[in-house]
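Below is one structure, written out as structure tokens; the observations come after it.
Laboratory data are not the source of any read-out in this text; all were calculated from the coordinates shown. Note that this is a predicted model, so its numbers are computed, not measured. Cβ placement follows ideal geometry from the backbone for every residue including glycine, while neighbour counts extend to all protein chains displayed.
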């Protein structure tokens, strides 16, 4: 069956190669043409049916910072017809079924955040806003969206393979602690009854899933079985033996065995073991892992290989409109924030214990080329909404663009490339980054370029030159940094640099801002009630802030999000080495620490 473009039939479908390139398949979708969300839009493209249906808990914003748009554009470029159902009603299948049954599979994601985190505060109170929803309104997605959406798809399209992806699925792929119920929950793959779970950045895995299903003859019984063994995925079976006989799964002695679900329920310390084991699997990039859960085994294939520079360049060159879908009549705050931001790289070499980035994107930095980034800056200046400013150039950490590791991750034993000191194998090129930013700033039509996604102040090369140049040229009055705390004891548990490094950075920032003739401010991210933190630690931090005359407007009380090491610390009351630590677990104790930092008028939990 050939794919139809708006100008008529296109050449017959062939099995796409597992590389990311830009070709004619993208030509049918112009700047003002998002992926279809209605039958009328499908008709305009000449599509009588879809190959892949993507369901998301966020509104559809056609921007490369949104996972659904990224995967959708990528699959269309590979020759597949993709439609999107965003924030469907969950009391009926009418929305899910609107575009018809797809030929291959339905891909499901909760959105940019875990749906429970999107709904509830650190003190389990219902939020009243949602930056990923038109009108900033709460309530457009269900709790545990991946589970609910899978049920809708199963009801609407019996027998259709269902593939989970995105942050909610990735971080809940194994047995995990759920803060909102204060219980250990089993893999979301089992609770949702989906066929496959894609963890991490999913382009390679999703493309291979589409390719495998495309090769099956129509009416093949149990088509989802063809999806087993794809790198970067997890799936469940009742017995390993048949897959081991077929060579899909390695023999028992080659498997990384996680503590089973029941063992974790019985012994909270087993959650720490499982979490650290998954962290090593992601970083080292090799080995199959398995976790028993009742009568089933959840298998985790090795992580998918990261995208190379040319592949990332091609991915971000796809024709994103950088706008919400035109059917929306109200503003979407998240879309406004990122419309003219540019993603320079993926991954983070830091292994902060409270952060999910390394579990999702990995520690190996994957960077776009300078040429690609300058080209995107030029493209922005021709956008109908352009007002002259690039709001951000960065990624998880802005000053890791172009960084590389000379070590072999398969044998690396470090849990963090930067702590307790920067690994000698981890190389950054700050001079090249400044040259890149200056080149983008020099593009005709760019009035301002800012770095707003946060930096690591322990990656300044030792002489402070990079930070001075950054502050002089690319800080727009405020710079976000994340000291998180003052106590070095707590910082070690966080895997963050010492507080002395932060104080040295503040002196450099003030001096550089003065030399530039500007009044500029550091916006510090601070965390209260972190595992291992005591009331005394919070009072020490409060005194330091008071001495500087700082009155923080926002302090994040630690939220134990699924899958992180800090969450295992919270649940088990131990550090990663198994030593006992104090933990503020009740809302009363957590609020007490939280209120030590916040002035009375700022309290509104």
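Based on DSSP, what percent of beta bridges with both residues in the chain are antiparallel, to the nearest 5?
Bridges in the chain that DSSP calls antiparallel: roughly 45 percent.
Taking 0.36 nm per residue of sequence separation and subtracting the Cα-Cα distance, how much length would be gained by fully extending the chain between residue 292 and residue 438, in nm to one decimal?
47.3 nm is the gain from fully extending residue 292 to residue 438.
Using Cα-Cα distances under 8 Å and only pairs 6 or more residues apart, what relative contact order does the chain have, in percent?
Computed over the chain, the figure is 12 percent.
Roughly how many nanometres apart are two label points built 7 Å out from the Cα toward the Cβ at residue 511 and residue 137?
With each label placed 7 Å out from Cα toward Cβ, I get 5.4 nm.
So, in nm, how far is label residue 257 from label residue 387 when the simple model puts each one 7 Å beyond its Cα toward the Cβ?
Going from the residue 257 label point to the residue 387 one covers 5.9 nm.
Hey, could you get me the Stokes-Einstein D for the stretch 4-219, Kirkwood radius over alpha-carbon pairs, 10 °C and 1.306 mPa s, rounded to whole µm² s⁻¹?
89 µm²/s
Please give the FRET efficiency for residue 504 paired with residue 556, using the beta carbon to beta carbon distance and R0 = 35 Å, rounded to the nearest 0.05.
About 0.90, to the nearest 0.05.
Based on DSSP H runs of at least 4 residues, each adding -39500 (n - 2.57), what is the mean residue ellipticity at 222 nm of the chain after dividing by all its residues, to the nearest 500 deg cm²/dmol?
-9000 deg cm²/dmol
Would you mind calculating the gained length between residue 238 and residue 478 on full extension (0.36 nm times residue separation, minus the Cα-Cα distance), in nm to one decimal?
That works out to 81.0 nm of additional length.
Once you treat every alpha carbon in the stretch 284-432 as an equal point and sum by Debye, what is log10 I(q)/I(0) at q = 0.10, 0.17, 0.18 Å⁻¹?
With no solvent term, the Cα-only Debye profile gives -0.48, -1.07, -1.13.
What is the antiparallel percent of DSSP beta bridges lying wholly in the stretch 340-602, to the nearest 5?
30 percent
Rounded to whole Å and sorted largest first, what semi-axes of the equivalent ellipsoid does the C-alpha gyration tensor of the chain yield via the square root of 5 times each eigenvalue?
37, 31, 23
What share of Cα pairs, in percent, lie more than 15 angstrom apart in the stretch 453-539?
Everything past 15 Å amounts to 58 percent.
Please give the FRET efficiency for residue 44 paired with residue 547, using the beta carbon to beta carbon distance and R0 = 60 Å, rounded to the nearest 0.05.
0.45
For the pair residue 448 and residue 429, how long in nm is the line joining their label points, each one 7 Å along Cα→Cβ?
The two pseudo-label positions are separated by 3.0 nm.
Given 0.36 nm per residue, what is the gain on full extension from residue 91 to residue 539 after removing their alpha carbon distance, in nm?
Taking 0.36 nm per residue and subtracting the Cα distance, the gain is 156.5 nm.
Between the stretch 322-362 and the stretch 160-182, what is the C-alpha centre distance in whole Å?
19 Å
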